[in-house]
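Sharing a structure here in structure tokens format.
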Amino acid sequence: MEHSRDTRFAARVRTRIWEEAADPVNPYLAASARCHGYALEDMVGQLDFADTLFLLLRGELPDAAEAQLLQRFLVAFCNPGPRHAATRAVMNAAASGTRSTSLASIGLATLGGDHLGSSEVERCMHFIARHRGTDPQALAAALPGVAPTPGDIRVAPGFGTLFGDIDPFAAGLAELFCATAVANGALDWGNRFAAAVRPGGSGWLVPGVAAAVAGELGFGPAAGGMLYQLASLPGLMAHGLEMAGQGIAAMPFVPDQLYTMLAPGDSPAGARQ
């Protein structure tokens, strides 16, 4: 608290993103708005969502190639799928009667995790930025790899195995994006690194592909992770709304034989041995 006494706080909150013109009668109301200088009423008629998102985050409109790549990003990562923990969290919450207005926050909180989430996207973007000047083959040989879950390997954030194998879905997404990748860009380097770790049984993971595309678009790691969450939100919402209409009986009920009954004083660790 001693330091905070000497801290000089701003007199008001400032933003360069959004300008609101006060209503002449009631200054607490906004009469009009501009995003980085562009009038909102003009944006509504002339920009699509990808253009607007780029403008909000970067402060300028994308060129044609950037707009197309961002649009493809939003479509490619529109749904983590029902195997993903974030989707299952939303489905479980919806089936149990959670209000629909809370489902998005549940899904995004889970999707923010380190395992196949936006935190892994962010860490992968740091990894690519740090090593892009390094030969992928030499780097792959030097990395020991870790086991985030039993039976899996992470040679680096965004690269490794999923359920013991190379993820074919992630590899397919990477192939789609790498077909138009810029030489020596984030996607190109990531693809060469994925090829370098393939003999060891590893490859692209979905967060790695998302990280490389976000880097190709010029976004920093923090923005790239959030962009991945935003792209995935429609799928989370769709699964939640679908499950909310079915109710709790739509979820499997774990049979008694899959439970391990512990005697008083027993530990769960001892029961698994």
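Work out how much length Ser32 to Ile248 would gain on full extension: take 0.36 nm times their residue separation and subtract the Cα-Cα distance, in nm to one decimal.
Values: separation 216, 0.36 × 216 = 77.76 nm, distance 4.54 nm.
Roughly 73.2 nm would be gained on extension.
Show me the ranking of peptides 56-64, 8-16, 195-203, 162-170 by mean Cβ neighbours inside 10 Å, starting with the highest.
Top of the packing list down: 195-203, 162-170, 56-64, 8-16.
Convex hull over the alpha-carbon atoms of the stretch 85-244: what's its volume per residue in Å³?
Values: hull volume 17.0 nm³, N = 160.
For the stretch 85-244, the hull spanned by Cα atoms encloses 106 Å³ per residue.
For Rg and Dmax of the Cα atoms in Å, several values are listed as (i) 20.2, 68; (ii) 19.4, 60; (iii) 22.9, 73; flag the one computed from this structure.
The listed entry that was calculated here is (iii).
Every number here is computed from the coordinates shown, using simple stated rules; none is lab data. Not measured: the values here are computed from a predicted model. Cβ atoms come from the backbone with ideal geometry, glycine included; neighbour counts cover every protein chain shown.
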